[in-house]
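Trainee: This is the structure I want to talk about, given as structure tokens.
The values are calculated or read from the model by the stated rules, or taken from the named source; none is laboratory data. Keep in mind it's a predicted model, so treat the numbers as computed, not measured. Cβ placement follows ideal geometry from the backbone for every residue including glycine, while neighbour counts extend to all protein chains displayed.
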Amino acid sequence: MDHKSNNSCSFNEITFGAKRFQQSIESHKEILEKFYVGFEQAKILKGDAKIFLDTNVLLKSYNTSFKAREKLLQFFRDYKSRIILTAQVQLEYLKIARMQLPSLAKM
């Protein structure tokens, strides 16, 4: 089945299977070079790489010092356009927060 998007690109054109026999040593080298440059930039938060947060990062703000909490909140502000919270993280956060926030607030 061929699904078409708004740009008339076939779903089959973008799958791994469609590119399977078009790979070469040169294409792998090019991809790895792009990855390493992007990875180095991402490690120092440069560029526009998305930042995926884990539930623990969100919950950590409840049991850290005020100074650390302020740094974390500033990080959220600075990178809010790049931060991604998956549905799973959101649901986990709500579930754990409902159960543990009363006890965390006493710490």
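Trainee: Quick check on this structure: which one of Ser65, Ser103 is modelled with pLDDT under 85 and more than 16 Å from the chain's Cα centre (by Cα)?
Mentor: Going through Ser65, Ser103 in turn, the sole match is Ser103.
Trainee: Taking the residues in segment 40-58 that are assigned to a helix (DSSP H, G or I) and surrounded by 12 or more Cβ atoms within 10 Å (Cβ to Cβ) as candidates, determine which candidate is modelled with the highest pLDDT.
Mentor: Initially, segment 40-58 is screened for residues assigned to a helix (DSSP H, G or I), giving 40-43, 55-58.
Right, trim to surrounded by 12 or more Cβ atoms within 10 Å (Cβ to Cβ) and you get 41-42, 55, 57-58.
On the way: Gln41: 84, Ala42: 82, Thr55: 92, Val57: 88, Leu58: 88.
Here the residue is Thr55.
Trainee: In segment 59-76, what residues are of a type in the set (A, V, I, L, M) and loosely packed, with under 13 Cβ neighbours inside 10 Å?
Mentor: Of everything in segment 59-76, those that are of a type in the set (A, V, I, L, M) and loosely packed, with under 13 Cβ neighbours inside 10 Å turn out to be Ala68, Leu73.
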